[in-house]
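A short write-up of the structure that comes next.
What follows is calculated from the coordinates using simple rules that are stated; it is not laboratory data. Nothing here was measured: the structure is a model prediction, and the numbers come from that model. Glycine also receives a Cβ, built like all others from the backbone with ideal geometry; neighbour counts cover every protein chain displayed.
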Amino acid sequence: MTSQFDVIIPRRGSGSYKWDSSDDLQSLPMWVADMDFRTAPAIIEALSDRVAHGVFGYTKVPDAYYEALGSWFANRHGFQIERDWVIYTSGVVPAISAILKALTRPGERVLIQTPVYNCFYSSIANMGCIPLENVLIAGEDGHYGIDFEDLEAKAAEPDVHVMLLCNPHNPVGRSWRVEELSRIGDICLRHGVTVVSDEIHCDLTFPDHTHHPFATIKQEFLAASVTCISPSKAFNIAGLQIANIVVTDEELRSRIGKAINIHEVCDVNPFGVAALIAAYREGGSWLDELRGYLQANYQTVSDFIASNMPTLRLTQQEATYLAWIDCRALSLSSDAIEARLATEGHLLVNSGTLYGAAGEGYIRLNMACPRAQLLDGLERMQTVLTQ
Ligand SMILES: Cc1ncc(COP(=O)(O)O)c(C=O)c1O
């Protein structure tokens, strides 16, 4: 059966960071985290209506925005978000930088679980802070877990006041369980560490997995955490630049608000607002079809690797469209693999070390594309890595 997600949409020449950053016109980009799918029809319609209006002045975020967001998170994730807790902004990365500005002082260390999304490192560095790594444990079964003893010891360090949690986790694909989040939260509470939970991938769990917002695990976690959310990954609207910070504590919210406003870049654009409302109001069934398609893509990668590149190992994944592939059996550095795939296979992936030293020997492959394109990428990989 064909799917709407099987349609190949040419993106080269469309001003796409993913497709237009390379001069190699034969290259197949499977790196930066956006999808090669058209967004949900309801979003396209809402944007077309907004364009047809023809006036694009400064934006007043309407009540409908908060209502759509509130209903989505209450219904999908059991997270009751009050309107006053929400600060809108242009992206999760700017949000994290502003939160770090509000919560840390230069020279302090910030806890992260590595390998992890590369911009965590840059946001920490930009605030004059230093990353403190709680390295995730890569299990024999290809499933990642947490070293809680190490986490506790590091959270207890006197210069650690913030932990950046990635839930679900990019790049290891975990959708953290209630017990894991509970232990993380208890450790952080014991040591006065505020958890900043980046939940940008929350809507991209595989169909048989559930996202658990960190703030919903215990009442105390809600009060002692900050959550970053956006429809951008799940609905493929990253270019529209819309995201939200959820923070219950009034004083902290005011500090974060100030940090966001300090460079006067706090305003959002009308397209991001219209897209978010349409996504959260009407995008549910489209999203569920997408989640099924992405899981089938993951299965395709898994089967292909098992049959054609058996020395590589695919991480057991529960969420996100980013495959994390263990290539350590090749005895090549991640950077060397990335370079060989680009030059010999015209395939663009991310080197595992972009996500920290713990990613050495791995590559990250973006699976969010039509299946025929995915198979093309996998065949390119096989040609280069098995010759
Ligand atoms: C964990 C995580 N946070 C944030 C972002 C980017 O957020 P934004 O584009 O809203 O700044 C990404 C993009 O891949 C991500 O994986």
Between His201, His212, His53, where does the largest GNM mean-square fluctuation fall for the chain, given springs only between Cα atoms within less than 10 Å? His53
What list of ³J(HN,Hα) couplings, whole Hz, do you get for segment 267-277 from phi and the Karplus terms 6.51, -1.76, 1.60, once you set θ to phi - 60° and write x for glycine and proline? 6, 10, 9, x, 6, x, 5, 4, 5, 4, 4
At q = 0.18, 0.25, 0.26 Å⁻¹, what is the log10 ratio I(q)/I(0) for segment 102-191, with the Debye formula run over Cα points and no solvent? -0.79, -1.39, -1.45
Using each residue's phi in segment 90-97, evaluate 6.51 cos²θ - 1.76 cosθ + 1.60 at θ = phi - 60° and report the 3J(HN,Hα) Karplus result to the nearest Hz, with x for Gly and Pro. 8, x, 6, 5, x, 4, 5, 4
Tell me which trypsin sites (Lys or Arg not before Pro) from segment 26-90 have a DSSP coil assignment and no more than 15 other beta carbons within 10 Å of their own. Arg38, Lys60
Which loop GluC sites (Glu not before Pro) in segment 117-214, with loop taken from DSSP, have no more than 16 other Cβ atoms within 10 angstrom of their Cβ? Glu140
Only bridges whose two residues both fall in the chain count here: according to DSSP, what percent of them are antiparallel, nearest 5? 50
List the residues whose amide H sits under 5 Å from the amide H of Leu132, counting only those 5 or more places along or on another chain, with H placed 1.01 Å from N in the peptide plane. Val110, Leu111, Ile112
On the principal axes of its Cα set, how long, how wide and how thick is segment 191-230? Give whole Å, largest value first. 35, 18, 14
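What is the Cα radius of gyration of segment 290-342 over 2.2 N^0.38 Å, N being its residue count?
Values: Rg = 12.2 Å, N = 53, 2.2 N^0.38 = 9.9 Å.
Against the empirical 2.2 N^0.38 Å value, I get 1.22 for segment 290-342.
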For segment 54-282, restrict the atom set to alpha-carbon positions and state the Rg and Dmax in Å. 17.0, 57
Rounded to 5, percent antiparallel among DSSP beta bridges of segment 54-282: 30
What would the Debye formula give as log10 I(q)/I(0) at q = 0.20, 0.22, 0.28, 0.34 Å⁻¹ for the alpha-carbon point model of segment 63-103, no solvent? -0.72, -0.80, -0.94, -1.03
Using DSSP to define loop residues, name the chymotrypsin sites (Phe, Trp or Tyr not before Pro) in segment 51-145 whose beta-carbon has at most 14 other beta-carbon atoms within 10 Å. Phe56, Tyr58
Using amide H atoms built in the peptide plane, which far-off residues or other-chain residues are under 5 Å from Val226 H to H? Val195, Val196, Ser197
Cα-Cα pairs in segment 172-293 separated by more than 20 Å, as a whole percent of all pairs, come to 52
Given 39-45, 170-176, the highest-first ranking by average Cβ count within 10 Å works out to 170-176, 39-45
Amide H contacts of Leu347 (H built 1.01 Å from N, under 5 Å, at least 5 apart or other chain): Leu28, Ala342
In Å and from the alpha-carbon atoms only, list the Rg and Dmax of segment 46-162. 19.4, 57
Under Stokes-Einstein, with the Kirkwood radius over Cα pairs standing in for Rh, what whole-number D in µm²/s applies to the chain at 20 °C and 1.002 mPa s? 100
Take each of the peptides 97-105, 266-274, average the number of other beta-carbon atoms within 10 Å over its residues, and list them starting from the highest. 97-105, 266-274
Can you tell me the Rg and the Dmax, both Å, for the Cα atoms in segment 35-98? 14.5, 37
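Can you compute the charge dipole magnitude of the chain about its Cα centre, using +1 on each Lys and Arg Cβ and -1 on each Asp and Glu Cβ, nothing else charged? Give it in debye, rounded to the nearest 20. Please report the intermediate quantities before stating the final value.
Values: 29 positive and 47 negative charges, 106 e Å.
Around 500 debye, computed over the chain.
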